[in-house]
Amino acid sequence: NGLESRSTSEVLSDIGGISASSTDTLTNKTLTTPVINGFSGTGNGSITGDLTVTSTDAGSAEDPNLKLFRNSSSPADSDNIGTIQFQGRNDADQTTTYAEIQSQISDVTDGTEDGVLYFQVRRNGTLTSIANVSGGSGRFNISNGDLFLQTGADLIFEGATSNANETTLSVVDPTSDNTI
């Protein structure tokens, strides 16, 4: 139909397509098995299916890195700086966050910066903080629940200095429930 004498780029231009080497902006386009070598932008986005981040770096440095960066012009103590949410449907076909990992700045002071990492899970319909790791206190805190060690688990204490000796707290099979 007269297309035989036209180049690929001319045909793509006529139908609103782009070429493989084009840097045009894609808006409301569906890409089937795209290969993305780099991207940037603003706004929200979504991916249906799995997302794999791969690094081919053969060195010993940490790679790949997933960075959640909150670039605030006025950072303050207690700012939330990123959350990873694990969502699914409930039996009423509602989207529900069943667990999340949240990070927060506890001290923005230059040279003494501290952060907190919170672990939350849904309990009886409410997202509940179960544990957090605090850089300011250097503690792993458990709240709203018990620390339950499965079979074969011990508590091992190194002591004031690192040496070849530790204190191990082990529990043999009890014959009744005990409280210490």
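The values are calculated or read from the model by the stated rules, or taken from the named source; none is laboratory data. On a predicted model such as this, the values are computed, not experimentally measured, just so you know. Neighbour counts run over all protein chains shown; Cβ positions are idealised from the backbone, glycine included. Just so you know, the surface numbers come from the protein's heavy atoms only, side chains and all, with ligands and any DNA or RNA stripped out. Shrake-Rupley method; radii C 1.70, N 1.55, O 1.52, S 1.80 Å.
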Task: Search result, residues across the range 55-80 that are out of contact with any Asp or Glu (no Cβ under 9 Å at 6 or more places or on another chain), modelled with pLDDT of 95 or more and of a type outside the set (S, T, N, Q) - done: Pro75, Ala76, Asp79
Task: Subset of the range 114-141 (residues that are touching a Gly at 6+ places or on another chain (Cβ under 6 Å) and within 16 Å of Ile101 (Cβ to Cβ)) - done: Gly115, Ile130, Gly135
TODO: Identify, by number, the condition in (1) assigned to a loop (DSSP other than H, G, I, E, B); (2) open to solvent by less than 70 Å² (accessible area, probe 1.4 Å) that Asn165 doesn't meet.
DONE: (2)
Open item on the list: Among the residues in the range 74-82, are any open to solvent by 70 Å² or more (accessible area, probe 1.4 Å), part of a strand (DSSP E or B) and under 30 Å from Thr27 (Cα atoms)?
Closed with: no
Task: Among the residues listed as Gly159, Gly136, Gly145, the single one being over 29 Å from Asn71 (Cα atoms), in contact (Cβ under 8 Å) with a residue 12 or more places away in the chain, in a loop (DSSP other than H, G, I, E, B) and open to solvent by less than 70 Å² (accessible area, probe 1.4 Å) - done: Gly145
Open item on the list: What pairs come out if I take residues in the range 32-58 that are over 18 Å from Phe86 (Cβ atoms) and pair them with residues that are at pLDDT 85 or above whose C-beta lies under 6 Å away, six or more apart or interchain?
Closed with: Ser55/Asp63; Ser55/Pro64; Asp57/Asp63
Open item on the list: Given the condition over 29 Å from the mean Cα position of the chain (by Cα), hydroxyl-bearing (Ser, Thr, Tyr) and at pLDDT below 95, answer yes or no: does some residue in the range 117-139 qualify?
Closed with: no
Task: Filtered residue count, the range 140-170, keeping only those that are over 26 Å from Leu117 (Cα atoms), among the hydrophobic types (A, V, I, L, M, F, W, C) and either in contact with a Cys (Cβ under 7 Å, 6 or more places away or on another chain) or modelled with pLDDT under 90 (or both) - done: 0
Task: the range 90-102 residues that are at pLDDT 95 or above, paired with ones that are not in a strand (DSSP E or B) (beta carbon under 6 Å, 6 or more apart) - done: Thr96/Asn90
Open item on the list: It is to be established whether one or more residues within the range 89-98 are part of a strand (DSSP E or B) and open to solvent by less than 60 Å² (accessible area, probe 1.4 Å).
Closed with: yes
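Only residues that are of a type in the set (Ser, Thr, Tyr) and either exposed (fewer than 14 other Cβ atoms within 10 Å of the Cβ) or more than 30 Å from Thr48 (Cβ to Cβ) (or both): list them for the range 99-127, please.
Matches in the range 99-127: Ser106, Thr109, Thr112, Thr126.
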TODO: Output yes when any residue across the range 100-108 is assigned to a strand (DSSP E or B) and closer than 30 Å to Ile180 by Cα, and no when none is.
DONE: no
